[in-house]
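**Q** Pasting a structure here, questions to come.
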Amino acid sequence: MKDFALDAEDCRAADAAGWLTPAQQALIHRNGWLKMLAPRACGGLELPLPDVVRLEEAIAAQDGSVGWVVTLCAGAGWFAGFLPSALARSILSTPGVCVAGSGAPTGHAVREGDGWRITGRWDYASGAPMATHFTLNAVLRDDDDDAPGSAPRIRAFIFPAEHVTVEPTWGSIGLHASASHSYRIDGAWVPAEYAFTIDPACATAPGPLYRFPFMPLAFVTLGANLLGMARHFLALARLVLATRRQSAAAPPLLALPHVAARLDGQDAAVDAVRTRFYRLLDAAWGAAANGDTFDPAPLQAVALELVETCRHAVDTIYPYCGLQAAHRGSDLNRVWRDFHTATQHALLLPAG
């Protein structure tokens with residue numbers, strides 16, 4: 001992984017503007033981060049998954065919105081491994097290629113000739129302003145779907161951005177610069193090969209990335225973002241607590257034994273789960289690379305444990321940080337807002 005640094009002023013400006021700065025976008029494209037999960041034979045980087053996850057953690061540890069856009073859009077780029085090779089090459093050769101999308105099946109597709117006509121509206125497409133293509137899930141409609149008891153049939157599609165209307169709906173308290181807007185398609189038609197199935201049995205690329213099941217891949221990439229943001233928060237909190245005084249005569253809060261012990265304890269708890277997270281990820285990747293099967297349940301479970309540990313750590317330390325943590329213009333507040341917005345992703349919510 002090449003060294004990189006996100007400019008702090010750029011991160012503040014992007015948060016205020018609600019979208020990544022030109023310098024941030026240029027860095028993303030220059031490093032090929034949006035193509036790092038796409039097949040090498042089609043123009044992608046096809047990096048090993050553990051390398052990708054560690055990189056995503058490192059990006060999120062500098063800025064949550066940049067990490068979130070890279071993770072979600074690189075994840076959508078992974079779908080190139082399930083498209084016909086010629087189509088994947090064409091998409092990945094698009095200047096400034098960026099694939100955004102949504103997983104909710106909130107549209108429908110009707111078969112028409114050698115393709116599909118699609119209508120619908122989808123939410124939360126991180127990176128929407130720079131997307132050249134959008135992915136979506138749609139419910140297939142035909143006469144058989146009217147039969148009593150018939151289950152919805154859902155198919156994934158990829159669409160060029162020229163057929164898509166982005167609606168600026170993103171209004172969350174955090175991840176402002178991810179611009180995770182809604183988008184709609186109003187009866188646009190695409191050829192049949194723009195439909196795809198996300199399943200290792202349907203992969204068109206041969207590498208282990210495309211034998212790796214989708215759900216554990218989603219859990220580990222999202223979990224790494226939460227990890228990066230939490231570690232960023234704890235590092236900034238340590239700096240704040242080292243200088244914050246309860247009164248002019250009192251020492252910095254970090255000098256108080258109980259506060260220092262709590263911060264050290266939360267750092268240690270996060271690091272312990274992080275170690276197990278990467279150990280299980282490396283083992284699962286090793287199995288996939290060898291063509292072996294593996295049980296995804298432990299990997300998904302440790303990803304959720306990691307998120308819960310990070311959530312507890314951030315919420316335990318936040319009350320000690322004073323008004324600087326609550327001031328919208330502070331870096332600590334931005335990281336706190338980004339972290340808590342990211343925890344609301346549907347896959348990362350507490351089980352009960």
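**Q** Which residues in segment 85-104 place their backbone N less than 16 Å from a point set 7 Å from the Cα of Ile154 along the Cα-to-Cβ direction?
**A** Answer for this model: 101-104.
**Q** Please report, as a whole percent, how much of the solvent-accessible surface of segment 49-197 comes from carbon and sulfur atoms (probe radius 1.4 Å).
**A** Working: 2990 of 5690 Å².
Of all accessible area on segment 49-197, carbon and sulfur atoms account for 53 percent.
**Q** Please list, in order along segment 163-171, the HN-Hα scalar couplings obtained from phi with the Karplus expression 6.51 cos²θ - 1.76 cosθ + 1.60 (θ = phi - 60°), rounded to whole Hz, x for Gly and Pro.
**A** Using θ = phi - 60°, the values come out as 9, 10, 10, 8, 10, x, 10, 5, x Hz.
**Q** Next question, about the same structure. Sorting Arg89, Arg184 by accessible area (1.4 Å probe), largest first, what list results?
**A** Working: Arg89 115, Arg184 75 Å².
Sorted by accessible area, descending: Arg89, Arg184.
**Q** Using protein chains only and a probe of 1.4 angstrom, how many square angstrom of Leu47 are accessible, to the nearest 10?
**A** Estimated to the nearest 10 Å², Leu47 gives 60 Å².
**Q** Across every pair of different alpha-carbon atoms, what Kirkwood hydrodynamic radius in Å does the chain reach? Before the final figure, lay out the partial values.
**A** Details: mean 1/r = 0.0469 Å⁻¹.
With all distinct Cα pairs of the chain included, I get 21.3 Å.
**Q** Something else about it: Share of segment 230-327's accessible area from carbon and sulfur, percent, 1.4 Å?
**A** About 59 percent, which is the carbon plus sulfur part of the accessible surface.
**Q** Across every pair of different alpha-carbon atoms, what Kirkwood hydrodynamic radius in Å does segment 103-202 reach?
**A** Working: mean 1/r = 0.0693 Å⁻¹.
That comes to 14.4 Å for segment 103-202.
**Q** Right, something else. Separation of segment 1-71 and segment 313-350 by C-alpha centroid, Å?
**A** If you average the Cα positions of each part, the centres end up 21 Å apart.
**Q** Note down the relative contact order for the chain as a percent, whole number, built from C-alpha pairs under 8 angstrom at least six residues apart. Mind showing how you got there, number by number?
**A** Values: 624 pairs, mean separation 63.4, N = 352.
Over the chain, the number comes to 18 percent.
**Q** Just to confirm, what accessible area per residue do you get for segment 103-202 at 1.4 Å probe, in whole Å²? Provide the component values of the computation, followed by the final result.
**A** Numbers: 4770 Å² over 100 residues.
Per residue, segment 103-202 has 48 Å² of solvent-accessible surface.
**Q** Using the alpha-carbon atoms, what tilt in degrees (0 to 90, nearest 10) does helix 297-317 show relative to the longest principal axis of the chain?
**A** Relative to the chain, helix 297-317 is tipped by roughly 40 degrees.
**Q** With equal scatterers on the alpha carbons only and no solvent term, can you work out the Debye log10 of I(q)/I(0) for segment 212-343 at 0.19 1/Å?
**A** Taken in order of the listed q values, log10 I(q)/I(0) reads -0.99.
**Q** Calculate, for segment 212-343, the solvent-accessible area per residue in square angstrom, rolling a 1.4 angstrom probe over the heavy atoms of the protein chains. Present the calculation step by step, with values, prior to reporting the outcome.
**A** Details: 5580 Å² over 132 residues.
On a per-residue basis, segment 212-343 sits at 42 Å².
**Q** Gaussian network model of the chain, Cα springs within a sub-10 Å range: biggest mean-square fluctuation belongs to which of Leu87, Leu299, Leu256?
**A** Per the Cα network of the chain with a 10 Å cutoff, Leu256 tops the list.
**Q** I've got another one for you. Please report, in whole Å³, the volume per residue of the convex hull around the C-alpha atoms of segment 1-134.
**A** Details: hull volume 15.5 nm³, N = 134.
Here the figure is 116 Å³ per residue.
The values are calculated or read from the model by the stated rules, or taken from the named source; none is laboratory data. It should be emphasised that the depicted structure is a prediction, and the values quoted were computed from it without experimental measurement. Ideal geometry is used to build each Cβ from the backbone, glycine not excepted, and the neighbour counts take in all protein chains shown. Areas reflect the complete protein model, heavy atoms only, side chains present, ligands, DNA and RNA absent. Shrake-Rupley method; radii C 1.70, N 1.55, O 1.52, S 1.80 Å.
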